Structure formats: structure tokens, C-alpha cells
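Reading through the C-alpha cells given below for one structure.
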Amino acid sequence: QQILSRQPYDPIALNNTAWLIKDDDSLKALEYAERAHRLEPGRPGILHTLGVLFLSRDDTARALELLSQASELAPDAPDVQYNLARAQAETGQQAVAEATLTRLLERHEAFPERAAAESLLHRLTTERLD
């Protein structure tokens, strides 16, 4: 917040602040992320943050759009791929989400969302087999 008071048009500061406050003040976080996106619409980290925020607000179509763009720009970022798979699953694209998760888990041994990715893949696979 102090950085933003000195640099209110810095897209990185806006994005990072949005990410830091997303769990405490999702409306303010969304405002910051949207401002960052207007300033730098093609930056994968900003697209990711905004996509995650829309996903948390159950705007899954918009989340999928943003996370797909982020994934194209940052195909090796495991956090982006995990959240893309979440959005795919939430929009009814279970088979696509399974493929995204399978690739993610094959390519990355360790990342913070690994347990959640494994759990989501297991759930999707179980639902498909039932």
C-alpha cells in the first residue's frame, strides 16, 4: 500500500498488492488487478492474478479466458497451469482439465500447489469413472 501511494501507476506494484490482499479484501484486490491489467494487458503474472480473482468470485468464464491467455504466455509456470485446470474443471471441461493437470504433474516435481493439483486430478478422474 505504501508503494502504491508513491507509484499508483506501477502495474507490478498493483498486481503484487492485489495478490497479497486477495484473501482479505477481494473487491479491492480486483480493483488493483484490473488497473494493472489496463496498464499492461499482456503480462502473464497480471493475467494470472486477475484470473484467480475472477475464479474466486465464481466468474469462471472470465477466469478461464484470462488464465488461458496467461498459460499461453507462461506455459511453464506451474501456478498458472494449476489455476487454468481449476477454471477448466469449473467450466465443465473436465477432460481438458485432466490433461492440463497430467502435463503439469509430469513436468514439475515440486511446486506449492502440487498436492492440490493431485487432489483435483484424482477427483476429476474418480468422477469420470463413476
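The values are calculated or read from the model by the stated rules, or taken from the named source; none is laboratory data. Keep in mind the model is a prediction, meaning the values are calculated, not measured. Every residue, glycine as well, gets a Cβ built from its backbone with ideal geometry; the counts of neighbours run over all protein chains shown. These area figures cover heavy atoms from the full protein model, side chains too; ligands, DNA and RNA do not enter into them. Shrake-Rupley method; radii C 1.70, N 1.55, O 1.52, S 1.80 Å.
Rounded to the nearest percent, how much of the accessible area of the chain (1.4 Å probe, protein heavy atoms only) is carbon and sulfur? Walk me through the numbers on the way to the answer.
Working: 3580 of 7250 Å².
Summing carbon and sulfur atoms, their accessible area is 49 percent of the total for the chain.
Using alpha carbons only, how many degrees (0 to 90, rounded to 10) separate the axis of helix 26-39 from the longest principal axis of the chain?
Tilt relative to the chain: about 80 degrees.
Calculate the FRET efficiency for Glu72 and Asp23 from the Cβ-Cβ distance with a Förster distance of 25 Å, rounded to the nearest 0.05. Walk me through the numbers on the way to the answer.
On the way: r = 27 Å, r/R0 = 1.08.
Step by step, r from the Cβ atoms, then E = 0.40.
Nothing charged except the Cβ atoms of Lys and Arg (+1) and of Asp and Glu (-1): what's the magnitude of the dipole of the chain about its Cα centre? Round to the nearest 20 debye.
On the way: 14 positive and 21 negative charges, 56 e Å.
Its charge dipole is roughly 280 debye.
Which angle from 0 to 90°, rounded to the nearest 10, does the C-alpha axis of helix 114-129 make with the longest principal axis of the chain?
Approximately 40 degrees, to the nearest ten.
Between rounded, prolate and oblate, where does the chain land on the alpha carbon gyration tensor, with a ≥ b ≥ c its root eigenvalues, rounded for a/c under 1.5, else prolate if a/b exceeds b/c? It would help to have the intermediate numbers written out before the result.
Working: a/c = 2.25, a/b = 2.03, b/c = 1.11.
Prolate.
So with the 1.4 Å probe, I'd like the accessible area per residue for the chain, rounded to whole Å².
Working: 7250 Å² over 130 residues.
In whole numbers, the chain has 56 Å² accessible per residue.
Please find the FRET efficiency linking Thr125 to Arg62, where r is the Cβ-Cβ separation and R0 is fixed at 25 Å, and quote it to the nearest 0.05. Can you show the working numbers first?
Values: r = 27 Å, r/R0 = 1.08.
Efficiency, rounded to the nearest 0.05: 0.40.
Under the rule a/c < 1.5 gives rounded, and otherwise a/b versus b/c splits prolate from oblate, where does segment 35-85 land using the Cα gyration tensor? Let's see the in-between values first.
Numbers: a/c = 1.86, a/b = 1.01, b/c = 1.84.
It comes out oblate by the Cα gyration axes.
Going by average Cβ neighbours within 10 Å, how do the peptides 17-28, 40-51 rank, with the highest at the top? Before the final figure, lay out each step's value.
Working: 17-28: 15.1, 40-51: 21.2.
Going by the mean number of other Cβ atoms within 10 Å, highest first, we get 40-51, 17-28.
Specify the angular offset, from 0 to 90 degrees and rounded to the nearest 10, of the alpha carbon long axis of helix 60-73 from the longest principal axis of the alpha carbons in the chain.
90 degrees
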